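This report refers to the structure that appears directly beneath it.
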Amino acid sequence: MLNLLNKKKTMALLMGLAVGMTSTAFAAENQTVQTNEQVEEVSDTAASDGNEKTKDTADDKKDTSAVDSFSDVPQGHWAYEALDYLAKHNVIEGYKDGTFQGNRTMTRYEMASIVANAMKADKGDIGDKAVLKELENEFHQDIANMQQQINTNKSDIEKLKEEAERVKIYGFGRVSWDNDNIKGYSDQNDNNRFYLDLKGEFKVNDNWKFAFESETNQRYARYVTSNGDVRYHEGHDDSDGVIQRVWAEGNIGKLHVDVGRRWRGLGFQNVLLGNETDGVVLDYPLDNNGLKALAFYQKPTDAGYDFGMYGLGIQGPVSKNLQLSLAYAMLDIDKDESPGYDPYNGNVPLVNTFGSHGLVLSAMWNPLPNITLIGDYVRTNAAKERVDEWAPDGTEHIFDIDENESKSIRLNYRWTNLNDPGSFQLYTRWFDYGRHGNIMGDEEWGLLKPGSKGWVFGFKYVPAKNVEWETMYEIADMYDGTYGLKDTQYKRHFIRTQVDFHF
């Protein structure tokens, strides 16, 4: 019985090829009666072969009739079984809308494709091998041409993919709100903002890429100065929305090169340095696990500053659960030499608050699953600063600032994953930042200021894919930055909530 079905399906295939159509002969509505008659004839023949063969045939009929391969070839058509069978064996394919479109003339390439698919899918159950072999010989050149076209298409697709990947644009947008009682710093609420960080990468070749970063940082309409004055929009800064940073990255053998203007840091929490710089950073692998040696020369780009720093370091995993970062930086100025001029105060010389050398030792440790400890210790050789100022009550204050160490320990529980909505992180941080305890450390938009000691508590949460919500609270003992009160401490309370939209 199975052989009879196979011959029937082979004949259906041959008839379609002979008339040169996809299924004009298959799907004609007036052939419905013929279908029923043929099915009855097959069933009668099967019955005469015995109960076991009848059972097999019934099962076969049940399986093939359970699938509607093409919406325009209903089960009543005489060729339904053949087409459905061949479709399930990937010999023929319909259109994306699920139709077979039997009233459209078949091209020679389509006929060749059917033959090729039949040969590929044949496991002895498609039809007579001799017939298929003859068809293969007939369409041999067409099949070869078709395969050549497929290979060309694949090559073109790979080239298009490679070209598309040469340019990448990504970044995030942020909505942020702060409440802060900081004293002695202008624009104390300047962290209430809409912010856009736009980055781009351009692939030069397999070893090099060129990148840029553009920041747009728009404050809310109302903010408060250190004097308590309420201010509103005063126009836009020309630096907003332009490309502020450009740099190149690449490899020369095993040596990785990072050169240009970009944001850079030293240590896992960027306490010693976390700032935009011009310069070059080189790193070279020391093993196959990610440990690398560093060499750098950088110049901070903050207005008025004019000094460079160079140094060496080492960073990476030293065991399964421990990573270290050690860096030593030397400045090209003496510790008593001014690092530049104050452009906002008549270009008077700036006071050197960081000396001529800096050291950072940073570690990241995972003692338990989902638990991460990060610690930074920083020391500079800043000279003792003598301050002579007049207090608001008319008395003269003379005191020394000799604080050249900074420390920070952070405890994380879990990590967020932007691709996993519902993921979260809880964290706390203890910090003690000396007033001369860094070169240009990352203040994290005013959260961590020199001359403060306290705690930060916070969480991060991913409510939807690529969206991260973070809220934090800081309580710290901090020195007032107002002239005449710089040796006066107060309790700082700071709260921030922000939502980042990554793209």
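The values are calculated or read from the model by the stated rules, or taken from the named source; none is laboratory data. Only a predicted model underlies this, so the values are computations on that prediction, with no experimental measurement involved. We place every Cβ from the backbone using ideal geometry, glycine too, and count neighbours over all the protein chains shown. Side chains are part of the model used for accessible areas, which takes the heavy atoms of the whole protein and leaves out ligands, DNA and RNA. Shrake-Rupley method; radii C 1.70, N 1.55, O 1.52, S 1.80 Å.
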> Of all the residues that make up segment 480-497, how many are open to solvent by 70 Å² or more (accessible area, probe 1.4 Å) and more than 27 Å from D400 (Cβ to Cβ)?
Replying inline: 1
> Restricting segment 350-376 to residues that are within 21 Å of F431 (Cα to Cα) and of a type in the set (S, T, N, Q), which is surrounded by the most Cβ atoms within 10 Å (Cβ to Cβ)?
Replying inline: S362
> Which ones in segment 133-155 are modelled with pLDDT of 85 or more and among the charged types (D, E, K, R)?
Replying inline: K154
> Hey, Y461 hits all of (1) in contact with a Lys or Arg (Cβ under 8 Å, 6 or more places away or on another chain); (2) outside any loop (DSSP other than H, G, I, E, B); (3) surrounded by fewer than 19 Cβ atoms within 10 Å (Cβ to Cβ) but one; which does it fall short on?
Replying inline: (1)
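State the number of residues belonging to segment 156-179 that are within 30 Å of E474 (Cα to Cα) and either open to solvent by less than 90 Å² (accessible area, probe 1.4 Å) or free of Cβ contacts under 8 Å to residues at least 60 places away in the same chain (or both).
Residues in segment 156-179 being within 30 Å of E474 (Cα to Cα) and either open to solvent by less than 90 Å² (accessible area, probe 1.4 Å) or free of Cβ contacts under 8 Å to residues at least 60 places away in the same chain (or both): 8 in total.
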>> Against the conditions (1) in contact with a His (Cβ under 9 Å, 6 or more places away or on another chain); (2) in contact (Cβ under 8 Å) with a residue 24 or more places away in the chain, where does Y473 fall short? Just the number, please.
In response: (2)
> Which of the residues that make up segment 260-292 are exposed (fewer than 15 other Cβ atoms within 10 Å of the Cβ) and either farther than 23 Å from D376 by Cβ or of a type in the set (D, E) (or both)?
Replying inline: Y284, P285, D287, N288
>> Just to be sure before I move on: is G290 touching a Gly at 6+ places or on another chain (Cβ under 6 Å), under 19 Å from L312 (Cα atoms) and assigned to a loop (DSSP other than H, G, I, E, B) in the structure I sent?
In response: yes
> From the set of residues in segment 185-197 that are among the hydroxyl-bearing types (S, T, Y) and either part of a loop (DSSP other than H, G, I, E, B) or touching a His at 6+ places or on another chain (Cβ under 7 Å) (or both), which is modelled with the highest pLDDT?
Replying inline: Y185
>> Restricting to segment 305-316, and then to whatever is part of a strand (DSSP E or B) and open to solvent by less than 20 Å² (accessible area, probe 1.4 Å), can you tell me which residue is nearest to I333 (Cα to Cα)?
In response: M309
> In the set L282, L266, which member is touching a strand residue (DSSP E or B) at 6+ places or on another chain (Cβ under 7 Å), farther than 28 Å from F194 by Cα and not β-branched (V, I, T)?
Replying inline: L282
>> Only one of N466, N417 is among the polar types (S, T, N, Q), in contact (Cβ under 8 Å) with a residue 24 or more places away in the chain, open to solvent by 20 Å² or more (accessible area, probe 1.4 Å) and on the phi > 0 side of the Ramachandran plot. Can you tell me which?
In response: N466
> Would you pick out the residues in segment 389-415 that are in a loop (DSSP other than H, G, I, E, B) and under 26 Å from K449 (Cα atoms)?
Replying inline: A391, P392, D402, E403, N404, W415
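Among the residues of segment 382-395, are any open to solvent by less than 40 Å² (accessible area, probe 1.4 Å), aromatic (F, W, Y) and farther than 24 Å from N270 by Cα?
So far as segment 382-395 goes, no, none of its residues is open to solvent by less than 40 Å² (accessible area, probe 1.4 Å), aromatic (F, W, Y) and farther than 24 Å from N270 by Cα.
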> Out of (1) surrounded by fewer than 17 Cβ atoms within 10 Å (Cβ to Cβ); (2) not polar (S, T, N, Q); (3) not in a strand (DSSP E or B), what's the single condition that is false for I182?
Replying inline: (1)
> Which of the residues spanning segment 293-304 are crowded, with 18+ Cβ neighbours inside 10 Å and of a type outside the set (S, T, N, Q)?
Replying inline: L294, F296, P300
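Tell me which residues, restricted to segment 221-256, are at pLDDT 85 or above, among the charged types (D, E, K, R) and not in a strand (DSSP E or B).
Listed by number, the list holds a single entry, K254.
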>> Here is a list: D442, D477, D432. Which entry is of a type in the set (D, E, K, R), closer than 25 Å to I371 by Cβ, open to solvent by 30 Å² or more (accessible area, probe 1.4 Å) and outside any loop (DSSP other than H, G, I, E, B)?
In response: D432
